[in-house]
2 protein chains.
Amino acid sequence: MKLGEGVEWGMHCCTVLALLPTDATLPAARLAEFHGVPAAYLAKHLQALARGGIVESVPGPRGGYRLSRPATAITLLDVVEAVEGTAPAFRCTEIRQRGPASLPVREYRVACSITRAMHRAEEAWRADLRSQTVADLLVALAQDVNPRAAVKAAAWFQEVIS
Amino acid sequence: MKLGEGVEWGMHCCTVLALLPTDATLPAARLAEFHGVPAAYLAKHLQALARGGIVESVPGPRGGYRLSRPATAITLLDVVEAVEGTAPAFRCTEIRQRGPASLPVREYRVACSITRAMHRAEEAWRADLRSQTVADLLVALAQDVNPRAAVKAAAWFQEVIS
């Protein structure tokens, strides 16, 4: 099973945006600078977050990105689905409809038991992601962050936001 | 998030092998026939299941594949990991070690809070897959299968196993 790397970028961008003072924004170039990547690299992930209604772009010379709603109201599932979409990881190709025991398509009214079992497990994954928010990431970060990294980050924020 | 199609084939092959009488085997070519695919197509998935210790290949003219242990002792996680491996779906690239707030590598002793949150959700997925067995798939199949498909499958089994 594999999640695209965009999910990791999306989570990091949301965490940084959640640290901004109310009404402040961060230009895409600054978000990229904080993460040490070219702005073009982050662009598509930021656009996916914007399409998903998680971040919004404020136009103008002092514009930039900010979260669309409080970090407590953005679940990790919101971020994953904005970046990766909502298609199930397990995709049933109706193997049961092949071979000598197959019947006409109209005979298959209940989803294949294998598909239901796999989707049940995915729902457990989604339920856990739905129970965690970007605010929870901040709490965990606050508890674990190396104090020297926090000082460096705070200095960078002060410089770019003022 | 995406699971490879091998997982679906692996689940279907295990379910069919679980239907065999004790000590019976099914040649790879027959498993492929039942699923309406060329034998070469199934080969790599069967080899993955064999490497994972889920199925075993009995040599000889009446040989073929069978489950290595009872269907009640094969979890869906066993099948998924045999086919897809055990690497996490969310792969941390240590984004926090980039940019203006980064520190020397030795300073990062605790896993990133984003990685821990994502792995917690994956563990919920794994726990659910670990709680379901190939025997559970058979029970669900028995409850839902179209009687006409069951009759056709039984006739095919009788022909190939006798």
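The values are calculated or read from the model by the stated rules, or taken from the named source; none is laboratory data. Just so you know, these numbers come straight off a predicted model, no measurement behind them. So basically every Cβ, Gly included, is an ideal-geometry build from the backbone, and we count neighbours across all protein chains shown. To get the accessible areas, we keep the full protein, side chains included, count just its heavy atoms, and leave off ligands, DNA and RNA. Shrake-Rupley method; radii C 1.70, N 1.55, O 1.52, S 1.80 Å.
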Checklist entry - Can you give the Kirkwood hydrodynamic radius of region B:1-159 from its Cα pairs, in Å with one decimal? => result 18.1
Checklist outcome for this item: Carbon/sulfur accessible area of region B:70-126, % of total, 1.4 Å probe, equals 53
Checklist entry - Once the whole set of protein chains is in place, how much accessible area is left on A:Asp144, using a 1.4 Å probe, in Å² to the nearest 10? => result 60
Checklist entry - What stretch of chain B, leaving out the sites themselves, is the longest with no trypsin sites (Lys or Arg not before Pro) in a DSSP loop having at most 10 other Cβ atoms within 10 Å? => result B:1-61
Checklist entry - What are the distances, in nm and sorted shortest first, from the label point of A:Gln47 to the label points of the same position in each other copy, with each label point placed 7 Å from Cα along the Cα-to-Cβ direction? => result 4.1
Checklist outcome for this item: Nearest-0.05 FRET efficiency for B:Val139 and B:Glu5 at R0 = 25 Å, using Cβ-Cβ distance, is 0.50
Checklist entry - What ³J(HN,Hα) values, in whole Hz, does the Karplus curve 6.51 cos²θ - 1.76 cosθ + 1.60 give for region B:52-63 when θ = phi - 60°, with x put for Gly and Pro? => result x, x, 8, 10, 9, 9, 9, x, x, x, 9, x
Checklist outcome for this item: Semi-axes (Å, rounded, descending) of the ellipsoid equivalent to region B:113-154 per its C-alpha gyration tensor are 37, 9, 6
Item to check | For region B:122-162 and region A:88-106, distance of Cα centres in Å | outcome: 13
Next on the checklist: Buried by at least 40 Å² relative to the chain on its own: which residues of region B:130-162 qualify, computing accessible area with a 1.4 Å probe on protein heavy atoms?
Outcome noted: B:Gln132, B:Leu137, B:Asp144, B:Asn146, B:Arg148, B:Lys152
Next on the checklist: If amide hydrogens are placed 1.01 Å from N in the peptide plane, which non-local residues have theirs closer than 5 Å to the one on A:Thr133?
Outcome noted: A:Leu76
Item to check | Mean projected area (nm²) of the alpha-carbon convex hull when the protein assembly as shown is viewed from all directions | outcome: 19.8
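Multiply the residue gap between A:Ser57 and A:Arg98 by 0.36 nm, knock off their C-alpha separation, and tell me the result in nm, one decimal place.
Taking 0.36 nm per residue and subtracting the Cα distance, the gain is 9.8 nm.
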Checklist entry - Using a simple charge model, +1 on the beta-carbon of Lys and Arg, -1 on the beta-carbon of Asp and Glu, nothing else, what dipole does region A:82-152 show about its Cα centre, in debye to the nearest 20? => result 240
Item to check | Cleavage-rule hits, GluC sites (Glu not before Pro), region A:77-111, DSSP coil, Cβ neighbours within 10 Å at most 14 | outcome: A:Glu94
Next on the checklist: Just want the answer: with Cβ charges of +1 for Lys and Arg and -1 for Asp and Glu, which residue in B:Tyr41, B:Leu31, B:Pro88 is farthest toward the dipole's positive end in region B:1-138?
Outcome noted: B:Pro88
